[in-house]
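A short write-up of the structure that comes next.
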Amino acid sequence: MSVKQESWGTRVGLVLAMAGNAVGLGNFLRFPVQAVQNGGGAFIIPYLICFLLMGIPLLWIEWSMGRYGGRFGNHSTPFILDNMTKKRLWKYFGVFGIFTNIAVAAYYCYIESWTMSYVYHSVMQTFVGMDQNAVAKFFTTYVDIEKSTTGIPYEAIVFYLVCLSLNIYILSRGLSGGVEKVAKIGMPLLILFGIFLAIKSVSMGHAGACADCDSALGLNFLWQPQFDSLTNPKVWLAAAGQIFFTLSVGMGTIHCYAAYVRSKDDIALNAMSAGWMNGFVEIVLGASIVIPIAAGYLGLEWVKENAGFSMAFQTMPYLFQQWGSVLSVVGGVMWFGLLFFAGITSSLAMGTPWMGFMKDEFNWSRNKSALTFGALTLAMGLPTVYFYNEGVFGEYDYWAGTVSLVIFALAEVILFGWVFGIDKGWKELNSGADIKVPGVFKPIIKYVTPLLLLFVFVASLITPKDNDWNKAITQGWELDASSIIGQIQNKGVIVNRDYFADNYQSAVAGIVTSVETTGTRHIIVIGSAESEKPVATYKFKKDKSVSVSEGQEISVGDIVAKGSFTHNIFYTDMARLFLLSLFLFLCFLVYRATVLREKNGRI
Amino acid sequence: MTTSAIITMVVVQVIVTIITAYFFYKVLTTPPRAEPDSFSENDDEQR
């Protein structure tokens, strides 16, 4: 009996799947927030320049590497990289191309499950009558697994399992029968929903009660050019970072999808089509939804102070309520449906490198590979669900979803341009091309892209305090807690640095504005010494004893409660250990695969 | 909105939309390669 080889059904399906891989939650949530935080209109110029000098070259590099590897029967990055050089160690850089996907899928599927749940709640009109604080609190209740918003016990876990099962089922149907079908349905719907929400958002004008409540003010802030910001390295770094994450480069998914394209078929045009489609969703749709709607109802000042990822779940349902009973349901379903399609087309892409690797090296069936991907994702993901509030989620996102991407991308551009050789690489890119690739990209791929990536990596490694580059250059370099070195040193953890302790210290200074005891918890609110505006809220179970009283002035490090505590640093260090274990496990699999290849004469 | 903000928004969004549409149109209209190609949907066509 012959086993049908994995393949794409149609060219359009391949392009939509690649675009779906790139289009994610970040297009709608990260891009507008980055733009707001980096000077509004000034951000778009560095963004477009980075797209030309880093985004497009990386897309072409990854498509070329993937198709080249596929020609030799390799469908995942360890042996795609191995195939391009005689140095055997390169394949261990390729491990990042599987590791990143499993680790990111672990928490990404969790966010995806929130969107599923919020579609359900939008249809059920759960948010009707809730004020802004109640909608925000609904989210914190939802992610607290001990509580339920629907009556279903462990609701967040149930939705997570449903979402993961859906991913496993679709992956088990293969590329053309599963991934491609979802992309063909999901991408057009996503764009349709996005267009509706963008038109509604841009046209709503002055909607809220405040003086600066106007969607046009939000748009104006996003698009007003501020050329003086162009000299600030922080803006350029943010733009480069955004291009990097939005295109899903440095993950190994593009290589994997492209590995199923034959060498006589085009990759140059396909890469451009998928890449620009992602740009359209981000620049045209992503910039026209969250910020203008929020500015329309809550005002520009509110947006400047609160713009962030949490707006999607903690603010948008409240804003849709202002559209009336029918449109609020339509708006909620479209918004969370759009995020769901953006999420699932990306999470499916994250499953394919593992499946390709296990099929190539150990001849595993689709079902077996999909199930083990699900099991690994679940094992890695449950800590992010259980210990979301303890910082495990953020730790995964930082190390797997940020640092690993930059390391892998830097390695692959050096490999492609310098080890494999730019001449061979250029020939591979142009083989079967349906467009003429401009010659100027040859030196860009060889020199400019690696230098830009090196800049991004070094800047992330030694980010100066408060991201103030001018001050660091002129007055001495102090590392920021968010730099890679600062993260390794846990520089951001000022108090509660022991794993286990019999007291809990305050991380902020101020005045204790309230001490309450509810059914199961003590709640301590610390306010600013000047305005009494809340700066921190601590919640402890009732078996702990409160050590402060209302009106007491406290400093950073003062004890606020006593009892037996496991501090967050324990959970974040365990998360790092988990990630490291996964990476080492994958390295071991690659080593085993190498031994098998040698035994079978494949090397 | 200020005039410069409107111009920036319209110019950037129109250019991005046109380029996206152009590349996608080219993908849709470029004739497929002779079999065997990378795509299974037309595998029944004569090789």
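The values are calculated or read from the model by the stated rules, or taken from the named source; none is laboratory data. Everything numeric in this text was worked out from a predicted model, so none of it was measured. Glycine also receives a Cβ, built like all others from the backbone with ideal geometry; neighbour counts cover every protein chain displayed.
Miscellaneous remarks
- Helices (runs of 4 or more DSSP H) (entirely within region A:124-222) containing at least 3 residues that are buried (at least 18 other Cβ atoms within 10 Å of the Cβ) and within 14 Å of another protein chain (Cβ to nearest Cβ): A:180-202
- Evaluated against (1) surrounded by 18 or more Cβ atoms within 10 Å (Cβ to Cβ); (2) modelled with pLDDT under 95; (3) not hydrophobic (A, V, I, L, M, F, W, C), A:Asn389 falls short on exactly one condition, (1).
- For region A:1-30, filtered to residues that are basic (Lys, Arg) and not in a loop (DSSP other than H, G, I, E, B), the residue that is modelled with the lowest pLDDT is A:Arg30.
- Residues that are in a strand (DSSP E or B) and without any contact (Cβ under 8 Å) to a residue 40 or more places away in the chain occur at least once in region A:546-567.
- Residue within region A:69-87 that is surrounded by 18 or more Cβ atoms within 10 Å (Cβ to Cβ), of a type in the set (Phe, Trp, Tyr) and either farther than 18 Å from A:Met350 by Cα or touching a strand residue (DSSP E or B) at 6+ places or on another chain (Cβ under 8 Å) (or both) present: no
- Test: residue in region A:524-546 that is at positive phi, at pLDDT below 95 and exposed (fewer than 15 other Cβ atoms within 10 Å of the Cβ): yes
Yes/no per residue for (1) in contact with a Gly (Cβ under 9 Å, 6 or more places away or on another chain); (2) assigned to a helix (DSSP H, G or I); (3) away from every other protein chain (no Cβ under 14 Å); (4) not β-branched (Val, Ile, Thr):
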{"site": "A:Pro225", "(1), (2), (3), (4)": "yes, no, no, yes"}
{"site": "A:Lys234", "(1), (2), (3), (4)": "no, yes, yes, yes"}
{"site": "A:Ile243", "(1), (2), (3), (4)": "yes, yes, no, no"}
{"site": "A:Ile254", "(1), (2), (3), (4)": "yes, yes, yes, no"}
{"site": "A:Asn270", "(1), (2), (3), (4)": "no, yes, no, yes"}
{"site": "A:Ser273", "(1), (2), (3), (4)": "no, yes, no, yes"}
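- Hey, A:Gln487 touching a residue at least 40 places away in the same chain (Cβ under 8 Å) and out of contact with any strand residue (DSSP E or B) (no Cβ under 9 Å at 6 or more places or on another chain) or not: yes
- When the test is whether a residue is assigned to a helix (DSSP H, G or I), within 9 Å of chain B (Cβ to nearest Cβ) and more than 26 Å from A:Ser404 (Cβ to Cβ), A:Leu230 does not pass it.
- Test: A:Gly551 is surrounded by fewer than 17 Cβ atoms within 10 Å (Cβ to Cβ), at pLDDT 95 or above and at positive phi: no
- Region A:518-529 residues that are farther than 22 Å from A:Glu146 by Cα, paired with ones that are modelled with pLDDT of 95 or more and among the hydroxyl-bearing types (Ser, Thr, Tyr) (beta carbon under 7 Å, 6 or more apart): A:Ile526/A:Ser506
- Residue list for region A:366-393, restricted to those being assigned to a helix (DSSP H, G or I) and closer than 13 Å to A:Ile145 by Cα: A:Leu382, A:Pro383, A:Thr384, A:Val385, A:Tyr386, A:Tyr388, A:Asn389, A:Glu390
- If only residues of region A:450-469 that are touching a residue at least 24 places away in the same chain (Cβ under 8 Å) and polar (S, T, N, Q) are counted, the one that is nearest to A:Phe245 (Cα to Cα) is A:Ser460.
- Test: A:Phe79 is part of a helix (DSSP H, G or I), modelled with pLDDT of 95 or more and of a type in the set (Phe, Trp, Tyr): yes
- Tallying residues that are assigned to a helix (DSSP H, G or I) and not aromatic (Phe, Trp, Tyr) within chain B yields 23.
- A:Trp335 outside any helix (DSSP H, G or I) and at pLDDT 90 or above: no
Condition check ((1) of a type outside the set (Val, Ile, Thr); (2) within 21 Å of the chain's Cα centre (by Cα); (3) assigned to a loop (DSSP other than H, G, I, E, B)) across all residues:
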site: A:Glu395; (1), (2), (3): yes, yes, no
site: A:Leu410; (1), (2), (3): yes, yes, no
site: A:Leu429; (1), (2), (3): yes, no, no
site: A:Gly432; (1), (2), (3): yes, no, yes
site: A:Pro443; (1), (2), (3): yes, no, no
site: A:Tyr447; (1), (2), (3): yes, no, no
site: A:Ser460; (1), (2), (3): yes, yes, no
site: A:Lys471; (1), (2), (3): yes, no, no
site: A:Tyr504; (1), (2), (3): yes, no, no
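- Close pairs from region B:21-38: first within 7 Å of another protein chain (Cβ to nearest Cβ), partner of a type in the set (D, E, K, R), Cβ under 6 Å, at least 6 apart: B:Thr30/A:Asp434; B:Arg33/A:Lys264; B:Arg33/A:Asp265; B:Asp37/A:Asp265; B:Ser38/A:Arg262; B:Ser38/A:Asp265
- Within region A:279-332, considering residues that are touching a Ser or Thr at 6+ places or on another chain (Cβ under 7 Å) and farther than 26 Å from A:Tyr108 by Cβ, the one surrounded by the fewest Cβ atoms within 10 Å (Cβ to Cβ): A:Val329
- Within region A:9-28, tally of residues that are buried (at least 24 other Cβ atoms within 10 Å of the Cβ) and either more than 20 Å from the chain's Cα centre (by Cα) or more than 28 Å from A:Phe441 (Cα to Cα) (or both): 4
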